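The values are calculated or read from the model by the stated rules, or taken from the named source; none is laboratory data. Keep in mind that this is a model prediction, so the values were computed, not measured. Heads up, the Cβs are rebuilt from the backbone with ideal geometry, glycines too, and the neighbour counts pull from every protein chain shown. Remember, those area values only see protein heavy atoms, side chains included, never the ligands or the DNA or RNA. Shrake-Rupley method; radii C 1.70, N 1.55, O 1.52, S 1.80 Å.
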Amino acid sequence: MELVSAAQMRALEAAGMASGVSGVELMERAGAAALKAILDWRPDLRVPRHAPALVLCGPGNNGGDGYVIARLMRGMGFRPTVYRYAPDKPQPEEAAEAARRWAAAGGETRPWDDDEIEERIGSFDDALVVDALLGMGTTRRMPSLRAFDSFEPSVWSALGSDDPSRRRHVAIDVPSGLCSETGASLGCAFSAQLTLAIQALKPGHVLIDRRAGGHGGALGEVQVLDIGLPARLPDDAPGPRSFLLDAPEARAQMRALRPLWQGHKFAHGHVLVPAGGVGKGGAARLAARAALRTGAGLVTVCPPPSALIENAARLDAVMLRAVADADAFAAMLEDRRIRCVALGMGLGADERRSPRTRALVEAALAAASPADAPSSAGPVRSAVLDADALTVFAQDPEALFALTRGRAAILTPHAGEFARLFPDLAARLSSPVPSDDRWTPFGRLEAAREAAARAGCTVLLKGPDTVIADPDGEAWVHAAVRERASPWLATAGAGDVLAGIIAGLASQRGAPRARLAAFAAWLHVEAARAFGPGLIAEDLPDQLPGVMRGLLAASS
Ligand SMILES: NC(=O)C1=CN([C@@H]2O[C@H](COP(=O)(O)OP(=O)(O)OC[C@H]3O[C@@H](n4cnc5c(N)ncnc54)[C@H](OP(=O)(O)O)[C@@H]3O)[C@@H](O)[C@H]2O)[C@@H](O)CC1
Ligand SMILES: [K+]
């Protein structure tokens with residue numbers, strides 16, 4: 001599913017209007033679809049028709065949606081009151097028309113008043129609250145709105161009102177104060193129990209912003225409302241494209257692998273996983289097993305000769321070959337059947353071990369295919385760099401980027417490794433939204449894109465909301481949030497398994513890399529969810545066959 005930026009949403013809206021639908025009609029559709037969704041979500045609200053409701057309307061078109069909802073609710077017998085925020089600000093034409101229609105229908109509009117809103121909420125804790133203050137047009141820090149405190153989850157749980165049957169806080173498009181591009185809470189944000197995204201999901205619906213200085217802001221359940229705009233972005237829509245790796249896409253990725261499973265084991269590709277020395281081989285073995293379980297034809301763990309016996313005692317289906325140094329590794333890489341090298345896991349980044357780690361990285365990248373190799377050039381060979389393969393370049397990230405630029409490579413940093421390679425981007429990601437005028441949204445998508453452009457290869461920034469970007473700007477988000485949250489993945493070695501899954505997929509299909517890595521993140525999370533509590537990293541690879549079988553069954 002595509003994640004649509006505010007600028008792209010405007011292009012979509014313009015395309016809809018060019019096909020003859022007016023802006024006023026789009027707003028009417030948005031309002032009607034929102035009210036239907038609210039009543040489907042809480043069918044009990046259909047019954048006591050005189051239920052009180054507060055509709056919080058802002059100065060822009062998000063507010064316009066609110067006036068339409070208020071009018072339609074009134075027509076159904078609700079008693080909504082509109083609170084107008086920033087009443088002196090001129091409204092766009094469509095929103096002004098929606099406000100006129102509301103007034104013509106006899107609706108009551110009151111100026112914003114924190115005390116009054118708080119009081120109303122206090123006296124009607126069963127009131128439906130519709131937040132239509134700000135949507136995609138939020139460009140700067142929100143002033144602190146005391147009334148928003150009344151909707152805070154902690155307040156509702158203290159009142160005993162967080163019981164699912166009493167949920168009533170609905171945000172139109174995005175909770176006001178939450179940046180639709182990044183998910184950042186811009187100072188003060190509405191806490192919703194249901195968020196109704198107009199026409200498409202925006203990045204802010206799936207990204208988690210961890211920066212300090214925000215207050216409130218929750219999405220609750222997220223639904224997308226189709227208001228009849230074109231399903232696809234026009235070709236000339238601005239900005240790079242972003243996608244969510246959701247269940248339909250995971251099934252499509254699985255279907256794309258199926259034809260590859262009919263050939264010889266070498267047709268599935270051979271993966272090499274360099275390992276650390278004595279006592280340090282566990283991480284590489286975890287990655288190797290995951291690569292094999294994901295469908296690599298052959299997987300070989302390559303420890304230094306001193307650790308050969310130890311690894312031999314722990315491996316069966318995974319093969320083993322000692323690699324004394326980078327020259328021996330480079331010689332091994334002359335075998336064209338090797339389709340992927342995954343390295344960094346357990347290799348070591350301390351003074352003693354980093355020369356070997358660095359030399360192996362250099363050899364792996366020198367042997368990786370050019371990123372833009374045509375399919376006529378034969379199978380792609382990729383390199384997956386994780387953990388110590390990244391950390392050894394902390395003092396000199398440019399030296400790494402000189403090797404990765406233009407190569408079929410995937411860097412898989414977690415937040416700490418990302419900060420070592422891209423300290424300025426990490427600092428921007430965590431700095432509070434400035435209180436001065438306009439804010440240029442900078443979130444995980446922007447950070448991953450910038451990192452991929454710098455490194456000249458694919459970058460996967462790990463997290464519950466994993467973001468993967470290619471250097472051309474195409475980006476994928478894999479969101480293990482809400483119903484797909486998988487707290488069990490916070491276990492030692494889980495990252496090694498992810499590197500192995502990526503390698504297993506890359507050994508079968510070398511491209512497109514960002515998409516493939518996003519699918520790996522999906523498999524990784526589903527494996528964790530399939531196992532559930534008590535998960536340790538060793539359990540993950542053996543869950544993969546069941547997860548993949550499930551995807552195939554769902555897509556046949
Ligand atoms: N596109 C579509 O297909 C459709 C879109 N629709 C709806 O339109 C919504 C987008 O509408 P929008 O563009 O008018 O922006 P919106 O969020 O209402 O706010 C703009 C106003 O807020 C102000 N403002 C900004 N930041 C602020 C702050 N921190 N604190 C205070 N004020 C702030 C800003 O002021 P300015 O920055 O201009 O000074 C301006 O006055 C979209 O989310 C969806 O709900 C549907 O109706 C139909 C189809
Ligand atoms: K809103």
For this session: Mind checking which of VAL82, ALA296, GLY216 is farthest towards the positive end of the chain's charge dipole, using Cβ charges of +1 (Lys, Arg) and -1 (Asp, Glu) about the Cα centre?
Result: ALA296
Exercise. Can you give the helix-only mean residue ellipticity at 222 nm for the chain, where every DSSP H stretch with n ≥ 4 adds -39500 (n - 2.57) and the sum goes over all residues, rounded to the nearest 500 deg cm²/dmol?
Worked result: -11500 deg cm²/dmol
For this session: Quick one: check the C-alpha center-to-center distance for the stretch 192-221 versus the stretch 76-99, whole angstrom.
Result: 23 Å
For this session: Apply the Karplus parameterisation 6.51 cos²θ - 1.76 cosθ + 1.60, with θ equal to phi minus 60°, to every residue of the stretch 481-490 and state each ³J(HN,Hα) to the nearest whole Hz, in sequence, with x for glycine and proline.
Result: 10, 6, 5, 9, 4, 9, x, 5, 6, 7
Seminar exercise, completed: DSSP beta bridges in the chain: the antiparallel percent, rounded to 5, is 20 percent
Exercise. Local charge sum around LEU445 (other residues, Cβ-Cβ under 10 Å, Lys/Arg +1, Asp/Glu -1)?
Worked result: -2
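Mean Kyte-Doolittle of at least 0.0 plus a Cα span of 15 Å or more along the axis: flag which DSSP H helices in the chain meet both, please. Present the calculation step by step, with values, prior to reporting the outcome.
On the way: long enough: 6-18 (18 Å, 0.50); 23-41 (27 Å, 0.55); 61-76 (23 Å, -0.27); 93-104 (16 Å, -0.80); 247-257 (16 Å, -0.43); 282-293 (16 Å, 0.38); 354-366 (18 Å, 0.26); 444-455 (16 Å, -0.49); 494-506 (18 Å, 1.79); 513-531 (27 Å, 0.56); 539-555 (25 Å, 0.30).
Those that pass (Cα extent of 15 Å or more, hydropathy at least 0.0) are 6-18, 23-41, 282-293, 354-366, 494-506, 513-531, 539-555.
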Exercise. Given a Förster radius of 51 Å and the C-beta distance between ALA427 and ALA105 as r, what FRET efficiency does 1/(1 + (r/R0)^6) yield to the nearest 0.05?
Worked result: 0.50
For this session: Apply the Karplus parameterisation 6.51 cos²θ - 1.76 cosθ + 1.60, with θ equal to phi minus 60°, to every residue of the stretch 461-467 and state each ³J(HN,Hα) to the nearest whole Hz, in sequence, with x for glycine and proline.
Result: 9, 6, x, x, 10, 6, 10
For this session: Decide, for the chain, between rounded, prolate and oblate: order the square roots of the alpha carbon gyration tensor eigenvalues as a ≥ b ≥ c, take rounded if a/c falls under 1.5, and otherwise choose prolate if a/b is larger than b/c, else oblate.
Result: prolate
Exercise. In terms of modelled amide H atoms, which long-range or inter-chain residues lie less than 5 Å from the amide H of ALA409?
Worked result: ALA383, THR458
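When ligands, DNA and RNA are left out and all protein chains stay put, how many square angstrom of accessible area per residue does the stretch 94-243 have with a 1.4 Å probe?
Numbers: 5910 Å² over 150 residues.
Here the residues of the stretch 94-243 average 39 Å² of exposed surface.
Roughly what % antiparallel, to the nearest 5, for the DSSP beta bridges in the stretch 101-242? Walk me through the numbers before you get to the answer.
Working: 1 of 14 bridges.
Percentage antiparallel, nearest 5: 5.
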Problem set entry | Peptides 127-138, 464-475 ordered by average Cβ neighbours within 10 Å, highest first | 127-138, 464-475
For this session: Tally up the carbon and sulfur contribution to the accessible surface of the chain as a whole percent, 1.4 Å probe, everything protein left in place.
Result: 53 percent
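Once fully extended, how much extra length lies between ALA485 and GLU310, figured as 0.36 nm per residue of separation less the alpha-carbon to alpha-carbon distance?
Values: separation 175, 0.36 × 175 = 63.00 nm, distance 3.63 nm.
In short, 59.4 nm is gained.
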Seminar exercise, completed: Applying the gyration tensor rule to the Cα atoms of the stretch 326-432 (axes a ≥ b ≥ c; rounded if a/c under 1.5, else prolate if a/b exceeds b/c, else oblate), the class is oblate
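Before I look further, what does the stretch 265-361 give for accessible area per residue, probe 1.4 Å, in whole square angstrom? Provide the component values of the computation, followed by the final result.
Values: 4020 Å² over 97 residues.
Per residue, the stretch 265-361 has 41 Å² of solvent-accessible surface.
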Exercise. Which order do peptides 379-390, 333-344, 243-254 fall in by mean Cβ count within 10 Å, highest first?
Worked result: 379-390, 333-344, 243-254
Exercise. Rounded to the nearest 0.05, what FRET efficiency do ASP542 and SER154 have when you use their Cβ-Cβ distance and R0 = 45 Å?
Worked result: 0.65
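Once you sort the root eigenvalues of the Cα gyration tensor of the stretch 2-225 as a ≥ b ≥ c, which label holds: rounded (a/c under 1.5), prolate (a/b larger than b/c) or oblate (the other case)?
Numbers: a/c = 1.41, a/b = 1.09, b/c = 1.29.
Cα axes put the stretch 2-225 in the rounded bin.
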